[in-house]
Amino acid sequence: MARKTGKKAAAQGSRTPKGYRPSAAELADAPRRARRILAVLKKTHPDATIALRFRDPLELLVATILSAQCTDVRVNLVTRQLFAKYRRAADYAAVDVRELEADIKSTGFFRHKAKNIQSACRDIDRKFAGRVPDTMEELTTLAGVGRKTANVILGNAYGVPGVVTDTHVIRLSRLMALSAHADPVKLEHDLMELIPPKDWTQFSHLMIFHGRRICQARQPACPDCPVRPHCGYGRQAGT
Ligand code: SF4
């Protein structure tokens with residue numbers, strides 16, 4: 001789809017979303033609109049999938065920890081060499097943490113990330129016999145793993161659906177008037193009520209793709225957005 005950009009899009013009414021709050025009436029209508037939004041997003045982004053490269057749950061765990069405050073492109077560059085060097089949780093557990101820091105330095109916040117990766121891998125090695133656990137309860141006992149990271153691993157490495165409350169998912173869900181919550185856990189539960197369980201993981205990918213391609217934080221392209229007829233903010237933008 002051709003997109004209008006620059007002055008034309010701005011003139012057609014993507015006024016700043018800052019401060020937008022879904023109304024009670026919009027939230028009451030969310031179940032009906034959520035089904036339509038899901039259908040439109042599937043049609044608009046048929047290629048939506050996880051951007052991080054991985055071959056097994058351990059690689060996805062490490063890549064997801066590295067992706068905090070870092071682009072997926074940068075993480076994929078770093079993990080290409082990292083995954084050739086470290087094959088098992090025991091490898092990360094045994095290395096001098098300063099060596100691991102140097103290996104992941106370009107992803108930023110490398111000391112904190114190295115500490116979490118090593119701590120998580122020590123627990124995986126000792127408590128879970130070297131295998132990344134496959135339940136929310138066990139995953140969230142690992143260093144650096146909250147519900148968001150756990151849902152990434154469950155949904156993409158184990159086929160257990162989960163809503164990933166990525167920054168795009170939170171921002172777009174509020175703009176689309178699917179939830180009024182900024183708290184990731186509350187918002188996750190709102191979306192779990194609105195989206196069929198089988199679509200939870202894919203819905204997260206779709207929202208991330210939509211946030212990157214069309215509904216960008218600086219300038220949502222509402223005039224060109226196929227979701228607009230079903231979007232709380234989009235329906236009022238430019239009116
Ligand atoms: S989803 Fe589409 S219509 Fe809604 S705010 Fe984003 S760009 Fe605008």
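Scanning the stretch 152-164 for residues that are surrounded by fewer than 18 Cβ atoms within 10 Å (Cβ to Cβ) and either closer than 20 Å to residue 181 by Cβ or without any contact (Cβ under 8 Å) to a residue 12 or more places away in the chain (or both) yields a single hit, 159.
Among 149, 167, which is surrounded by fewer than 19 Cβ atoms within 10 Å (Cβ to Cβ) and polar (S, T, N, Q)? Spell out how you get there, then give the answer.
Working: 149 fails: surrounded by fewer than 19 Cβ atoms within 10 Å (Cβ to Cβ).
Just a single option satisfies the conditions, and that option is 167.
When you check residue 23 against the structure, is it within 16 Å of the ligand (Cβ to nearest atom) and of a type in the set (Ser, Thr, Tyr), yes or no?
Details: within 16 Å of the ligand (Cβ to nearest atom): yes; of a type in the set (Ser, Thr, Tyr): yes.
Yes; evaluated as a whole, the condition is true for this residue.
The criterion of at least 2 residues that are over 17 Å from residue 52 (Cα atoms) and either outside the structural domain of residue 190 (by TED's automatic domain parsing) or in contact with a helix residue (DSSP H, G or I) (Cβ under 7 Å, 6 or more places away or on another chain) (or both) is met by the following helices (runs of 4 or more DSSP H) wholly inside the stretch 74-174: 89-94, 97-104, 110-127, 136-139.
Annotation note: Cβ proximity below 9 Å between a residue of the stretch 17-39 that is assigned to a helix (DSSP H, G or I) and a residue that is among the β-branched types (Val, Ile, Thr) (sequence gap 6+ or interchain) occurs for 34/195; 35/195; 36/227; 37/227; 38/195.
When you scan the stretch 176-199, do you find a residue that is buried (at least 20 other Cβ atoms within 10 Å of the Cβ), near the ligand (Cβ under 10 Å from one of its atoms) and in a helix (DSSP H, G or I), even just one? No, every residue in the stretch 176-199 fails to be buried (at least 20 other Cβ atoms within 10 Å of the Cβ), near the ligand (Cβ under 10 Å from one of its atoms) and in a helix (DSSP H, G or I).
Out of the residues in the stretch 214-230 that are under 20 Å from residue 48 (Cα atoms) and assigned to a loop (DSSP other than H, G, I, E, B), state the one that is farthest from the ligand (Cβ to nearest atom). The qualifying residue farthest from the ligand (Cβ to nearest atom) is 217. Among residues of the stretch 57-70 that are in contact (Cβ under 8 Å) with a residue 12 or more places away in the chain and among the β-branched types (Val, Ile, Thr), those with a beta-carbon under 6 Å from a residue that is surrounded by 23 or more Cβ atoms within 10 Å (Cβ to Cβ) and in a helix (DSSP H, G or I) at least six positions away or on a different chain give the pairs 62/117; 64/152; 65/113; 65/117. For the stretch 73-91, a residue qualifies if it is surrounded by 16 or more Cβ atoms within 10 Å (Cβ to Cβ) and free of Cβ contacts under 8 Å to residues at least 40 places away in the same chain, and the qualifying residues are 75, 76, 78, 79, 82, 83, 86.
Listed conditions (1) crowded, with 21+ Cβ neighbours inside 10 Å; (2) more than 9 Å from the ligand (Cβ to nearest atom); (3) of a type in the set (Gly, Ala, Ser) are all met by residue 237, apart from (2).
The values are calculated or read from the model by the stated rules, or taken from the named source; none is laboratory data. Keep in mind that this is a model prediction, so the values were computed, not measured. A quick note on method: Cβ atoms are made from the backbone with ideal geometry, for glycine too, and the neighbour counts reach across all protein chains shown.
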